[in-house]
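Working notes for the structure below.
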Amino acid sequence: MAAIPVHEWTLLDAARAVREREVSSRELTRALLERIDRMNPRINAYITILPEQAMREAAARDEELAAGGARGPLHGVPVALKDIFCTKGIRTTCGSRILHDFDPPYDATVTGKIREAGAVLLGKQNMDEFAMGSSTETSWFGPARNPWATDRIPGGSSGGTAAAVAAGTCFAGVGTDTGGSIRQPASLCGVVGVKPTYGRVSRYGMIAFASSLDQGGPIARTVPDAAAVLGVIAGHDRRDSTSVDVPVPDYLAATGRSVKGMRVGLPREYFAGGLDASVRTAVEKALGALVSLGAEGVEISLPHTEYALSTYYIIGPAEASSNLARYDGVRYGYRTEGAKGLIEMMSRTRGEGFGAEVKRRIMIGTYALSAGYYEAYYGKAQKVRTLLRRDFQEAFAGVDVILTPTAPTPAFRIGEKVDDPLTMYLSDIYTIPCNLAGIPGISVPCGMSPDGLPIGAQLLGRHFDEEAILAAAAAIEREIPLPRVAPEEG
């Protein structure tokens with residue numbers, strides 16, 4: 001391992017090296033902060049970098065280890081968080097001007113669990129504003145860039161986290177996924193991203209976009225690394241009414257499980273028109289890897305898939321319009337200056353504080369919830385959501401996991417789709433159904449495009465059966481070895 005640069009180590013290797021005193025947390029943290037200094041000006045993956053605090057935390061982790069032992073499985077390992085998780089004493093912007101100087105008075109549950117596990121927090125990562133986007137181009141802090149090719153998007157909305165992991169500027173990060181915002185950027189940046197079952201990871205202190213869809217999850221360079229982080233952040237939280245009280249299994253052990261006899265569903269609707277040829281070839285190679293290990297591919301149908309995108313873009317914006325009503329300039333966040341009266345102050349604050357995509361979704365959502373249209377739009381979308389959920393229930397009666405592409409194409413160029421929201425929304429066409437159904441999903445690297453851009457395969461599982469998709473993803477990872485870190489000349 002000594003021959004491998006520190007920034008290319010896996011999270012588990014780094015954690016072991018710290019525990020066994022082969023390297024100190026301070027040395028690891030200093031190496032990654034230097035890496036951030038070199039890489040972040042090119043990829044803009046971080047909104048806030050915490051060099052002094054990170055070094056203090058690393059020193060404390062070294063002292064704790066010397067005094068008696070590790071706090072937890074991430075002891076002394078430098079990681080980072082998408083800038084959507086509240087961090088006490090550290091600004092949390094959600095990629096928006098309206099929260100550009102918001103200093104939360106408390107930690108999100110995910111933040112607390114990461115700290116309790118002994119990790120060192122390097123900073124907060126760039127994202128689409130309020131997690132609304134598929135390219136991290138809507139951030140008020142400027143677009144993040146894909147480290148494999150800096151003229152390309154890293155995906156979104158957790159694009160900063162995926163880019164940071166792929167560039168070797170943290171060992172792992174935690175993002176959020178409302179319609180593909182962990183899995184799609186993981187695919188485009190050549191890393192692993194897990195969207196757990198809805199309710200598996202607490203949403204307390206995670207700034208809301210669409211409350212019935214949002215879910216936090218890990219982004220890492222390997223499946224075992226992602227499994228280790230998921231094991232830290234998963235679990236019931238009484239402060240989140242949607243958190244589910246079910247046991248958290250040993251996710252890391254699941255990554256070594258055999259896939260022999262596993263039935264892998266291939267939904268014909270996900271392999272129809274619009275799928276890039278190189279993506280199809282790579283996903284077929286991932287299937288071949290599973291079959292070579294004793295799994296069986298089974299063609300299935302998810303007949304209501306064609307309605308998923310429309311359903312999502314009614315439910316998501318409707319919930320967003322309600323959640324974002326709190327940003328009014330009265331209690332916290334940005335407030336315009338010189339307004340005459342309360343109504344003008346609120347109107348100008350929201351007009352100046354929100355970006356174009358956020359405004360677009362607020363207006364769509366408010367319209368869908370308005371008198372006379374609620375049943376025609378939101379009510380009907382919820383009924384279609386039930387049909388999509390039933391599609392998956394019926395499919396899982398005959399298969400153990402479902403294999404699909406994660407994204408229809410490799411990463412596109414920055415600016416290519418930013419003025420065409422309908423085309424941009426199609427970037428999440430394969431990931432959205434998973435959120436509507438509340439099931440777990442993972443993206444794992446499975447190939448490269450002719451242009452040298454990463455491609456990911458998506459695996460979907462039954463509710464609270466993250467173990468099955470982790471086992472299958474780990475098998476693909478072992479059979480199709482790919483670079484873990486993007487080359488610096490990207």
TODO: Could you tell me which GluC sites (Glu not before Pro) in region 1-44 are loop residues by DSSP with no more than 10 other beta carbons within 10 angstrom of their beta carbon?
DONE: Glu20
- [ ] Report, in whole Å, the centroid distance computed from the Cα atoms of region 433-467 and region 1-53.
- [x] 27
Open item on the list: If you average the C-alpha positions of region 216-264 and of region 104-134 separately, how far apart do those two centres end up, in angstrom?
Closed with: 18
Task: Estimated FRET transfer efficiency when R0 is 51 angstrom, pair Glu27-Ser211 (beta carbons, to 0.05) - done: 0.80
- [ ] Over the chain, calculate the relative contact order: mean separation of alpha carbon pairs under 8 Å at least 6 apart, over the residue count, as a percent.
- [x] 18
Open item on the list: Let me check against my output: what whole-number percent is the relative contact order of region 15-173, with C-alpha pairs under 8 Å and at least 6 apart?
Closed with: 26
Task: Projected label distance in nm at Glu375 and Ser292, using a 7 Å step from Cα toward the beta-carbon - done: 5.7
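Which shape class, rounded, prolate or oblate, goes with region 1-117 when its Cα gyration tensor gives a ≥ b ≥ c as root eigenvalues, a/c under 1.5 marks rounded, and past that a/b bigger than b/c marks prolate?
Verdict is oblate for region 1-117.
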Task: Residue-span extension gain [Leu482 to Glu299] - 0.36 nm each, minus C-alpha spacing - done: 63.1 nm
TODO: Please give the net charge around Ile314, taking every other residue with its beta carbon less than 13 angstrom from that of Ile314, where Lys and Arg add +1 and Asp and Glu add -1.
DONE: +2
- [ ] Go through region 1-90 and name the trypsin sites (Lys or Arg not before Pro) that are in a DSSP coil and have 15 or fewer other Cβ atoms within 10 Å of their Cβ.
- [x] Arg21, Lys88
TODO: Determine which residues of region 344-387 fall in the zone a paramagnetic label at Ser310 would reach in this model, i.e. backbone nitrogen under 15 Å from the point 7 Å along Cα→Cβ.
DONE: 376-387
Open item on the list: Please state the shape class of region 297-438: rounded when a/c is under 1.5, otherwise prolate if a/b exceeds b/c and oblate if not, all from the C-alpha gyration tensor.
Closed with: prolate
Task: Lys, Arg +1 and Asp, Glu -1 on Cβ, resulting dipole of the chain about Cα centre, debye, nearest 20 - done: 660
- [ ] Can you tell me the dipole magnitude for region 312-397 around its Cα centre, using point charges on the Cβ only (Lys, Arg +1; Asp, Glu -1), in Debye to the nearest 20?
- [x] 60
Task: Pairwise Lys count, the chain - Cα closer than 22 Å, eight or more residues apart or different chains - done: 11
- [ ] Mind running the shape call on region 136-267? Use the C-alpha gyration tensor, a ≥ b ≥ c as the square roots of the eigenvalues: rounded below 1.5 for a/c, prolate if a/b tops b/c, oblate otherwise.
- [x] oblate
Task: DSSP bridge pairs, the chain: antiparallel proportion in percent, nearest 5 - done: 70
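Counting only other residues whose beta carbon sits under 10 Å from that of Val174, what net charge do I get with K and R as +1, D and E as -1?
Numbers: positive: Lys82, Lys113; negative: none.
The answer is +2.
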Task: For the chain, with +1 on Lys and Arg beta carbons and -1 on Asp and Glu, the positive-most of Thr431, Gly261, Phe141 along the dipole - done: Phe141
TODO: Identify the trypsin sites (Lys or Arg not before Pro) of region 444-490 meeting these criteria: DSSP loop state and at most 10 other C-beta atoms within 10 Å of the C-beta.
DONE: none
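Quick note: the coordinates plus some simple rules give every number you see, no bench work behind them. The shown structure was predicted, so the numbers you read here are calculated from the model rather than taken from an experiment. Neighbour counts are summed over all protein chains in view; Cβ atoms, including those assigned to glycine, are modelled from backbone coordinates with ideal geometry.
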